[in-house]
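A.B. asks: Quick one: structure below, then a few questions.
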């Protein structure tokens, strides 16, 4: 595991610590079933008249919002059947004094070797300008760029180097119907996903290169988040029947009570990408908190950080008659040694099995757990 040298800049530290403060908080009791917050689901009629808050493809670009990020996760196989997974994210924040710190974070799992590697690269990008329709970032050999139809991802860590190209297969999905999610006292976020990306490229290890291919997911968020401490349990699932599902359970870390729970189900029947209308087809199902139940089935603690996370989940989506079991591919999937973000978080691939309407269904996905870190709360900055 390799970490960059700290940047001699108070702007990036202050900004990333602010982001950490927005995410961190006390841990819900182990084994707690996070009862979803009742979130009014917009009716089909209401969704038809609510204007989109997100404008695509323009909003693929850089906004210079107080907080924004571009996030990818993916599942890869090489020609010998070896399995890999990764998450690759770029955060940008704008400080009150006009500084623009950037932080790219990466996790890479080699499932056959049982390895989970993490890395991060900071930068100060004060000359960054807003863009429309596309973005491009280069930091110390890592690269992330895209325009909605395709994306290029280049990164390396721990002796592994990947050069990947991803192509969108479906229109973007605007969460909550319009792409604007109101999280109450935690602030508002513009949020959309590209739920099905075909991804391929080259993985190089110890000087030997091999082709890899698989599927990926892209999340795009920006907004004016408050520093109210929150945590969340988030999952992106890609089912083998061609459907996709996102769920997000956001909770108040001070009271351990839900703030908002919501989700988006993309049926297999959604048309493939044909231009970009700026949103999902009418067949996309927007889920309220009452539609979702997520119950941990176990827990895992990393000895180094002493943080305990749920591990394994039973997920029920009541209106879809969908019941799924999510099992971590590797329980040891904590991003816990950041030099720039004070909190640890869990980010890893899961296998998915269950039933929908009484019929068996399978898939794979990613789970992200933020707010379970009690070891380094923001008030105890080292």
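The values are calculated or read from the model by the stated rules, or taken from the named source; none is laboratory data. Just so it is clear, the model here is predicted, and its values are computed rather than measured. A quick note on method: Cβ atoms are made from the backbone with ideal geometry, for glycine too, and the neighbour counts reach across all protein chains shown.
A.B. asks: I'd like the residue in the stretch 364-382 that is surrounded by fewer than 17 Cβ atoms within 10 Å (Cβ to Cβ) and not in a loop (DSSP other than H, G, I, E, B) and, out of all such residues, is modelled with the highest pLDDT.
C.D. replies: So, considering only residues that are surrounded by fewer than 17 Cβ atoms within 10 Å (Cβ to Cβ) and not in a loop (DSSP other than H, G, I, E, B), the one modelled with the highest pLDDT is 379.
Yes/no per residue for (1) under 19 Å from the mean Cα position of the chain (by Cα); (2) on the phi < 0 side of the Ramachandran plot; (3) surrounded by 17 or more Cβ atoms within 10 Å (Cβ to Cβ):
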{"position": "138", "(1), (2), (3)": "no, yes, no"}
{"position": "144", "(1), (2), (3)": "yes, yes, yes"}
{"position": "155", "(1), (2), (3)": "yes, yes, yes"}
{"position": "158", "(1), (2), (3)": "no, no, no"}
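A.B. asks: Among 327, 341, which is over 23 Å from residue 218 (Cβ atoms) and under 18 Å from the mean Cα position of the chain (by Cα)?
C.D. replies: Just a single option satisfies the conditions, and that option is 327.
A.B. asks: Let me ask another. Restrict the check to the stretch 206-224 and report whether at least one residue is under 30 Å from residue 66 (Cβ atoms) and touching a helix residue (DSSP H, G or I) at 6+ places or on another chain (Cβ under 9 Å).
C.D. replies: For the stretch 206-224, residues under 30 Å from residue 66 (Cβ atoms) and touching a helix residue (DSSP H, G or I) at 6+ places or on another chain (Cβ under 9 Å): present.
A.B. asks: How many residues are buried (at least 18 other Cβ atoms within 10 Å of the Cβ), part of a loop (DSSP other than H, G, I, E, B) and modelled with pLDDT under 95 if we restrict to the stretch 93-117?
C.D. replies: Total meeting the criteria: 1.
A.B. asks: Scan the strands (runs of 3 or more DSSP E) fully inside the stretch 160-253 and keep the ones with 1 or more residues being within 22 Å of residue 363 (Cβ to Cβ) and modelled with pLDDT of 95 or more.
C.D. replies: Correct list: 160-168, 187-205, 208-225, 230-239, 244-252.
A.B. asks: Quick check on the stretch 326-348. Is at least one of its residues modelled with pLDDT of 90 or more and over 23 Å from residue 106 (Cβ atoms)?
C.D. replies: Scanning the stretch 326-348 turns up at least one residue that is modelled with pLDDT of 90 or more and over 23 Å from residue 106 (Cβ atoms).
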